[in-house]
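Visitor: The structure that follows is given in the form of structure tokens.
The values are calculated or read from the model by the stated rules, or taken from the named source; none is laboratory data. Treat the numbers as computed from the prediction; the structure is a model and nothing was measured. Positions of Cβ are generated from backbone atoms using ideal geometry, with glycine treated the same way; all protein chains shown enter the neighbour counts. The protein model used for the area step is the full one, side chains on, heavy atoms only, and it has no ligands, DNA or RNA in it. Shrake-Rupley method; radii C 1.70, N 1.55, O 1.52, S 1.80 Å.
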Amino acid sequence: MAEKVKLRIDGEVIAAAPGQSILEVARANDKYIPALCYMEGLSAVGACRLCMVEVAGVSRLLPACTTPVAEGLAVTTSSKQLQSY
């Protein structure tokens, strides 16, 4: 069995497989992140920028569809900064 990584999405601890994107993990755990250009089974390109999220310790917003999960990530899917973006 492949080792899992643990991350937080909106405060909830979630286990994920290494290599999954934040968007894939969020959707699998009923966390809503809007996206237009993401289609399961196709390569993610992050072109629409609708799936932007905040990651603690990172000064810029990141696209959830192309950002891989990592141990200890803390992701916020809704905030004033994201809403104004």
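Visitor: If you roll a 1.4 angstrom probe over the protein chains with everything in place, what fraction of the accessible area of the range 21-84 belongs to carbon and sulfur, to the nearest %?
Guide: Carbon plus sulfur share of accessible area: 51 percent.
Visitor: For the chain, with every protein chain kept in place, what is the accessible area per residue (1.4 Å probe, Å²)?
Guide: With all protein chains present, the chain gives 64 Å² per residue.
Visitor: If I measure Cβ to Cβ between cysteines in the chain, which ones have no partner under 4.7 Å?
Guide: Cysteines lacking a close Cβ partner in the chain: CYS51, CYS65.
Visitor: Placing +1 at every Lys and Arg Cβ and -1 at every Asp and Glu Cβ, with all other atoms neutral, what dipole size does the chain have around its Cα centre, in debye to the nearest 20?
Guide: Result for the chain is approximately 220 debye, rounded to the nearest 20.
Visitor: With springs connecting C-alpha atoms under 10 Å apart, model the chain as a Gaussian network and identify which of GLY72, GLY11, GLY41 has the largest mean-square fluctuation.
Guide: Of GLY72, GLY11, GLY41, the Gaussian network model singles out GLY41 as fluctuating most.
Visitor: Starting from the range 22-85, pick out the GluC sites (Glu not before Pro) whose DSSP state is loop and whose Cβ has at most 14 other Cβ atoms within 10 Å.
Guide: GLU40, GLU71
Visitor: Additional query: Students often get this wrong, so try it: which of (i) 87; (ii) 76; (iii) 95 is volume of the Cα convex hull per residue in Å³ as calculated from the structure shown?
Guide: (iii)
Visitor: How high is the relative contact order of the chain, in percent, counting Cα pairs under 8 Å that sit 6 or more residues apart?
Guide: Normalised by residue count, the contact order of the chain is 36 percent.
Visitor: Top to bottom by accessible area (1.4 Å), largest first, where do TYR85, TYR38, TYR32 land?
Guide: TYR32, TYR85, TYR38
Visitor: Right, another one. With springs only between Cα atoms under 10 Å, which of ALA44, ALA15, ALA28 fluctuates most in a Gaussian network model of the chain?
Guide: ALA28
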